[in-house]
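Here the structure is laid out as structure tokens; the discussion comes afterwards.
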Amino acid sequence: DAELERVGALVEAYCGSELALPVAALSGVRGGRPFAFLLDDVLLNGRLDVLWRDGERALVLDYKTNALAGREPAEIVEHEYRGQRAVYALACLRAGAAEVEVVYQFLEAPGEPVSATFTTTDVEALEDELGSVIARIREGEFRPTPSDFACAGCPALDRVCAGPRLGSEPDPVPLPELSAAG
């Protein structure tokens, strides 16, 4: 019941936001749009919450249900979604957009959308940024940050990945005593 109440409040927050009506009025706006592209032999794919295209212009809107916990939306985007924003921008730019605006709207603060605009002149910098992330992962610098929320419903959970248990330290296994004789 509490979760349903929270979801209802988030939906109401979006519907009452200054962003909702202009987005709804856009001709050809579509939700759940898939994308995929290769970068440094890595397939980047996903879905855009909202995509609107008008010729060479694109708008991506990503809804966030994060609990802000006193943090500012712009701070969260910069620290937690910078890479995702670069992926979204590159997906649109590689699909033919000359300009893409990527907007994050945190439904706990619907009046504080965080927006960044990218153009074809940003492609190289975006590719470099994501390429450096890919390189760090390949070098073993990737630190997973699983959680019960992020891992819920993942098909790899408990098959390929330990999920939230990755962050917990296992109990040490006692080694048998070895005698000097062998």
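The values are calculated or read from the model by the stated rules, or taken from the named source; none is laboratory data. Predicted, not measured: the structure shown is a model, and the values here were computed from it. Cβ: placed from backbone, ideal geometry, glycine included. Neighbour counts: every protein chain shown. Remember, those area values only see protein heavy atoms, side chains included, never the ligands or the DNA or RNA. Shrake-Rupley method; radii C 1.70, N 1.55, O 1.52, S 1.80 Å.
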Is it the case that some residue within region 84-99 is out of contact with any Gly (no Cβ under 9 Å at 6 or more places or on another chain), within 24 Å of residue 9 (Cβ to Cβ) and open to solvent by 20 Å² or more (accessible area, probe 1.4 Å)?
no
Evaluate the following for residue 130: is it closer than 30 Å to residue 57 by Cα and open to solvent by less than 100 Å² (accessible area, probe 1.4 Å)?
yes
When the residues of region 100-119 are narrowed to those that are open to solvent by 60 Å² or more (accessible area, probe 1.4 Å) and at pLDDT below 95, which ends up nearest to residue 84 (Cα to Cα)?
113
Would you pick out the residues in region 112-127 that are outside any helix (DSSP H, G or I) and either touching a residue at least 40 places away in the same chain (Cβ under 8 Å) or over 18 Å from residue 62 (Cα atoms) (or both)?
112, 113, 114, 119
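Determine, yes or no, whether residue 51 is closer than 22 Å to residue 138 by Cβ and modelled with pLDDT of 95 or more.
no
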What are the pairs with Cβ atoms under 7 angstrom where one residue, in region 44-56, is in contact (Cβ under 8 Å) with a residue 60 or more places away in the chain and closer than 24 Å to residue 129 by Cα and the other, located anywhere, is aromatic (Phe, Trp, Tyr) and open to solvent by less than 30 Å² (accessible area, probe 1.4 Å)? Sequence gap at least six, or different chains.
44/37
Region 36-65, subset under 14 Å from the mean Cα position of the chain (by Cα) and open to solvent by less than 30 Å² (accessible area, probe 1.4 Å), residue farthest from residue 80 (Cα to Cα):
50
Number of positions in region 70-97 that are closer than 17 Å to residue 33 by Cβ and touching a residue at least 40 places away in the same chain (Cβ under 8 Å):
9
Scanning region 15-31 residue by residue, those part of a helix (DSSP H, G or I) and open to solvent by 40 Å² or more (accessible area, probe 1.4 Å) turn out to be 15, 21, 22, 24, 25
